[in-house]
Amino acid sequence: MKTYTLNFEQKLPIPLAEAWDFFSSPLNLAKITPPEMRFVVTSAYKPDAKIYPGMVITYKVSPLLGIKLNWMTEITHVKDQEYFVDDQRVGPYAIWHHEHHFKSIKGGVEMADKLTYAVPYGIIGRVANSLLVAKEIQKIFTYREKAINDMFGVYKQL
């Protein structure tokens, strides 16, 4: 099985604690996901819920052609205000391992995402990745970057 790794980085003009507070809430993921994906968290969490190791989050998502899929991830690692990791337990990927890293920088916070994933179905999955999946993931993270900048502002080097 072929795995792929993508890295994304974004700086925000907000304190680390504010960034952590936003991104450690499972309910905020829908706010930074493209609307055409119809992303809905189906787990019953209170608005102030925060991630913890072992937390299981369920979603409905329509990544392609409006087809609704169930997705389940587990938060496997958390180090407060430094990083957390989610791993797919049920969903469209053969592997989905997503690391979210945060560090305080002058005038804000730097966020780094490392996504390791694999598409099922062998050669068909590899072709699908090169023709469609990788582009869709890139599109999601491009949307996310814009949505986050719209919410928190654009980082300007001091």
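The values are calculated or read from the model by the stated rules, or taken from the named source; none is laboratory data. None of the values given here were measured: they were computed from a predicted structure. Counting neighbours? That spans all protein chains shown, and the Cβs are built from the backbone with ideal geometry, glycine included.
Details
- Residue selected from region 101-133 under the condition assigned to a strand (DSSP E or B) and basic (Lys, Arg), by the criterion nearest to Lys50 (Cα to Cα): Lys103
- Filter result for Ala19 (in a helix (DSSP H, G or I), more than 19 Å from Val119 (Cβ to Cβ) and under 13 Å from the mean Cα position of the chain (by Cα)): no
- Of the criteria (1) in contact with an Asp or Glu (Cβ under 7 Å, 6 or more places away or on another chain); (2) in a loop (DSSP other than H, G, I, E, B); (3) not aliphatic (A, V, I, L, M), which one Gly66 fails: (1)
- Within region 108-124, being on the phi > 0 side of the Ramachandran plot and without any contact (Cβ under 8 Å) to a residue 24 or more places away in the chain holds for one residue alone: Tyr121.
- Residue count for region 40-63, restricted to those that are in a strand (DSSP E or B) and more than 14 Å from the chain's Cα centre (by Cα): 2
- Every residue from region 57-71 that is farther than 30 Å from Gln81 by Cα, at pLDDT 85 or above and surrounded by 12 or more Cβ atoms within 10 Å (Cβ to Cβ): Ser62, Leu69
- In a residue-by-residue description of region 25-44, the property of being out of contact with any Gly (no Cβ under 8 Å at 6 or more places or on another chain), more than 17 Å from Ile137 (Cβ to Cβ), basic (Lys, Arg) and without any contact (Cβ under 8 Å) to a residue 24 or more places away in the chain applies to no position.
- Condition check for His98 on (1) of a type outside the set (A, V, I, L, M, F, W, C); (2) over 15 Å from Phe22 (Cα atoms); (3) part of a strand (DSSP E or B); (4) touching a Phe, Trp or Tyr at 6+ places or on another chain (Cβ under 7 Å): one failure, at (4).
- Scan of region 124-139 for residues that are more than 20 Å from the chain's Cα centre (by Cα) and within 21 Å of Val90 (Cα to Cα), ordered by number: Ile124, Gly125, Arg126, Ala128
- If you go through region 22-39 and keep only what is of a type in the set (Val, Ile, Thr) and not in a loop (DSSP other than H, G, I, E, B), you end up with just Ile32.
- Restricting attention to region 1-56, the residues that are loosely packed, with under 13 Cβ neighbours inside 10 Å, closer than 18 Å to Val109 by Cβ and of a type in the set (D, E, K, R) add up to 1.
- For the residues Lys79, Lys50, the requirement of being modelled with pLDDT under 95, among the basic types (Lys, Arg) and over 18 Å from Lys2 (Cα atoms) singles out Lys50.
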